[in-house]
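Everything below concerns the one structure shown next.
The values are calculated or read from the model by the stated rules, or taken from the named source; none is laboratory data. Bear in mind the structure is a predicted one, so any value in this text is a computation, not a measurement. Virtual Cβ from ideal backbone geometry, glycine too; neighbours counted across all protein chains shown.
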Amino acid sequence: MFTQALEVFQATLCADGGQNGAMFLASSAGAVYAGSSGPPFTERSPVQPLAPYGLAKLRAEAAVADFGRRTGVRTLIGRVSNLYGPGQNLKKPQGLISVFAKAHLTGAPVSVYVSLDTLRDYLFIDDASRLIADGLDRLERPDIGPGETVVKILASQRADTIGNLIGACRAIFKRRPLIVLGASPFAKAQAHDLRMKSVVWPELDAHPVTPLAVGINTTVQEVQRLALEGHL
């Protein structure tokens, strides 16, 4: 469905004379490298999705690259790590930090289906926005030719275990999150170690990233605001 919508969007751009511009596609680092070996994963690592979501992301990447070649539009594919922060859809059971924040306010337990030493790269939304903006600016430089596609991992390049995440939440919440360890058939599509390291345009990663505790606290404040407004 997403790939079809993307193709319709690209056809509309072509009809409107959208050649020689720039385009960004948000892909998923976790999804496309889920079955890969040898972390930390870079843009040079072979992709190996384990679930239909990852396959769909690779199809979207291929469609965007093909669109760029046909039209001359420069394209940036950002393989984003675990994104978190204000603005996440709290009605969906995804985004562990937002789920923990919501559970903290509602008193509901959180089900965790992977081991607590599972490693993930958590990227705060403001850091991701800056990387995207800087990446699109970089895409316009003369060394990037018309129709060229650049793939870059957008990540904090700092790995934390689920256990570390729980500890950080406990320090902010002043109590341990209610965790229920369970099993799920979807766990087989979850890699144990998803450390990331970008080797493409490393100058874009020179900015300091938001500390995990600061990002969690900002997320909690946003969830609190939504709760007060009756939107949880």
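Annotations
- Residues satisfying the stated conditions in region 198-207, i.e. surrounded by 13 or more Cβ atoms within 10 Å (Cβ to Cβ) and in a helix (DSSP H, G or I): Leu204, Asp205
- Which listed residue is out of contact with any Leu (no Cβ under 8 Å at 6 or more places or on another chain), among the hydroxyl-bearing types (Ser, Thr, Tyr) and part of a loop (DSSP other than H, G, I, E, B), from Thr210, Thr218: Thr210
A quick yes/no check of all residues on (1) modelled with pLDDT of 70 or more; (2) closer than 19 Å to Gly135 by Cβ; (3) not acidic (Asp, Glu):
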{"position": "Phe2", "(1), (2), (3)": "no, no, yes"}
{"position": "Thr12", "(1), (2), (3)": "no, no, yes"}
{"position": "Ser27", "(1), (2), (3)": "yes, yes, yes"}
{"position": "Val32", "(1), (2), (3)": "yes, yes, yes"}
{"position": "Pro39", "(1), (2), (3)": "yes, no, yes"}
{"position": "Glu43", "(1), (2), (3)": "yes, yes, no"}
{"position": "Ala60", "(1), (2), (3)": "yes, yes, yes"}
{"position": "Ala65", "(1), (2), (3)": "yes, yes, yes"}
{"position": "Arg70", "(1), (2), (3)": "yes, no, yes"}
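- Filtered residue count, region 185-213, keeping only those that are out of contact with any strand residue (DSSP E or B) (no Cβ under 8 Å at 6 or more places or on another chain) and of a type outside the set (D, E, K, R): 13
- Tally of residues being outside any loop (DSSP other than H, G, I, E, B), surrounded by 20 or more Cβ atoms within 10 Å (Cβ to Cβ) and polar (S, T, N, Q) across region 121-164: 1
- Residues of region 84-100 satisfying the condition of being under 27 Å from Pro40 (Cβ atoms), touching a helix residue (DSSP H, G or I) at 6+ places or on another chain (Cβ under 6 Å) and among the hydrophobic types (A, V, I, L, M, F, W, C): Ile97, Phe100
- Among the conditions (1) within 16 Å of the chain's Cα centre (by Cα); (2) within 29 Å of Arg170 (Cα to Cα), the only one that Arg79 does not satisfy is (2).
- Failed condition for Pro177, given (1) assigned to a strand (DSSP E or B); (2) within 17 Å of Val112 (Cα to Cα); (3) not hydrophobic (A, V, I, L, M, F, W, C): (1)
- Those residues of region 26-59 which are touching a residue at least 24 places away in the same chain (Cβ under 8 Å) and crowded, with 20+ Cβ neighbours inside 10 Å, in sequence order: Ser27, Ser28, Ala29, Gly30, Ala31, Val32, Tyr33, Ala34, Phe41, Gly54, Lys57
- Taken together, the residues in region 174-197 that are of a type in the set (A, V, I, L, M, F, W, C) and either in contact with a Phe, Trp or Tyr (Cβ under 6 Å, 6 or more places away or on another chain) or surrounded by 18 or more Cβ atoms within 10 Å (Cβ to Cβ) (or both) amount to 4.
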